[in-house]
Ligand code: IPM
Ligand code: MG
């Protein structure tokens, strides 16, 4: 098969981790007889420097013309003082909206080799951590109006949170469908004791539940959910939630599995053209030092093969290679443990490629 992949290396550690993910994809292409062609796309801080805006229309078009998009990370201190609409993060939000990828899937699964890297007690980890956060990705407060007004010398900042029934319904369906393929437990997370948007969210989820009698739906307030994720993560199978809550809870969920550097994500809409990225940021403090963990991005590439290209065996092969490298005791700095061998980003990528070739 031939596939065209748009590649956004981005800022900070982005280029280093994407380089390793591409090496892995090339190795898979060799082994399975595919051709992956790559088109470089500028988005984020590097696009601001080059074009004066974080996502020029021409760059978005390259993504829309591709079979799928692989993204490293964007952002950095250099652009922190830019106005809101000219920040690297705005490019990422515009890309997600432009591609219409409303459904973001973030797995929180403990790798047995990394059980010691979890900050949770062994007795909690041993009950098992294997859940998915389905995050609504192109609505809510991140996409509402943002403004700062000044009256009588005092500033007031406003961010608007809106959800329509249809926006909730389409992500709700993804939540139910995802649960249906797993342990059939769906937990809808909101703040319905305070927010109107959450009350509508809850109503729509319960309406949908009638169409999925095989799935058990529960409701949880987001503050309680944040607590339950550290108290007993084994209770969760699939969590479905709105954009900002999903952003926050998915960072928390990644940490209990050992490191945010390990977690990939997929974002899909109506078509098979998806956006695949690790959930961590651009970590400018370690950029260029060859210490980043490329596994989140490499696993994102595996998700691309599985969900957009229907290449399950190829995706399994990447995941098995990651597992083999961890089994052999190799660790990047973020997951380093006693008795293991510390490796850098490029060595980690090389070892995973080597494991695929076998
Ligand atoms: C994420 C990130 C982004 C988000 C930022 C960089 C805009 O935190 O993918 O979780 O909030 O969605
Ligand atoms: Mg985030």
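Every number in this text was worked out from the coordinates using simple rules, so none of it is lab data. In this text the structure is predicted, and so the values were computed from the model without any measurement. For neighbour counting, all protein chains shown are included, and Cβ atoms are generated from backbone atoms with ideal geometry for every residue, glycine included.
Taking the alpha-carbon centroid of each part, what is the distance from the stretch 1-65 to the stretch 132-156 in angstrom?
Cα centres, the stretch 1-65 to the stretch 132-156: 29 Å.
With 5 Å bins from zero, work out the P(r) of the stretch 1-53 over every alpha carbon pair and list the percent per bin.
The percentages, shortest bin first, are 5, 19, 23, 21, 14, 9, 6, 2, 0.
Given a Förster distance of 25 angstrom, what is the FRET efficiency for residue 341 paired with residue 26, based on the Cβ-Cβ distance and rounded to 0.05? Mind showing how you got there, number by number?
Details: r = 25 Å, r/R0 = 1.00.
Efficiency, rounded to the nearest 0.05: 0.50.
If each DSSP helix of 4+ residues adds -39,500 (n - 2.57) and the sum is divided by the residues in the chain, what number results at 222 nm, nearest 500 deg cm²/dmol?
On the way: 12 runs with 146 residues, N = 358.
Theoretical 222 nm ellipticity from helices: -12500 deg cm²/dmol.
What percentages, rounded to whole numbers, describe P(r) for the stretch 26-182 computed over all alpha carbon pairs with 10 Å bin width beginning at zero?
8, 23, 29, 27, 10, 2, 0
With a cut-off of 14 Å, note down the residues of the stretch 212-237 whose backbone N falls inside the zone around a label point 7 Å from the Cα of residue 123 toward its beta carbon.
Answer for this model: 231-232.
If the viscosity is 0.890 mPa s and the temperature 25 °C, what Stokes-Einstein diffusion coefficient in µm²/s follows for the chain when Rh is the Kirkwood radius over Cα pairs? Working shown, then result.
Numbers: Rh = 21.0 Å.
Estimated diffusion coefficient is 117 µm²/s.
Mind grabbing the base-10 log of I(q)/I(0) for the stretch 200-322 at q = 0.11, 0.18 Å⁻¹? Debye formula, identical points on the C-alpha positions, no solvent, two decimal places.
Each listed q corresponds, in turn, to -0.50, -1.19.
Sorted from largest to smallest, which semi-axis lengths in Å does the alpha carbon gyration tensor of the stretch 21-99 give for its equivalent ellipsoid, taking the root of 5 times each eigenvalue?
Details: eigenvalues 157, 36, 17 Å².
Working through the eigenvalues yields semi-axes of 28, 13, 9 Å.
Given the stretch 198-243 reduced to its alpha-carbon atoms as identical point scatterers, what log10 I(q)/I(0) does the Debye formula return at q = 0.26 Å⁻¹?
Each listed q maps to, in turn, -1.08.
Zone of residue 195 (label point 7 Å along Cα→Cβ, backbone N under 19 Å): which residues in the stretch 114-150?
The answer is 133-147, whose backbone nitrogens lie closer than 19 Å to the label point.
Tell me, how many Å apart are the Cα centres for the stretch 265-291 and for the stretch 193-236?
That distance is 27 Å.
Would you calculate the separation in nanometres between label points at residue 116 and residue 158, each defined as 7 Å from the Cα along the Cα-to-beta-carbon direction?
Output for this residue pair reads 5.5 nm.
Report the percentage of all Cα-Cα pairs in the stretch 92-240 whose separation exceeds 29 Å, rounded to a whole percent.
Working: 2982 of 11026 pairs.
Distances greater than 29 Å cover 27 percent of the Cα pairs.
May I ask you to derive the relative contact order of the chain, considering only C-alpha pairs under 8 Å and at least 6 residues apart, and to give it as an integer percent?
Relative CO of the chain lands at 22 percent.
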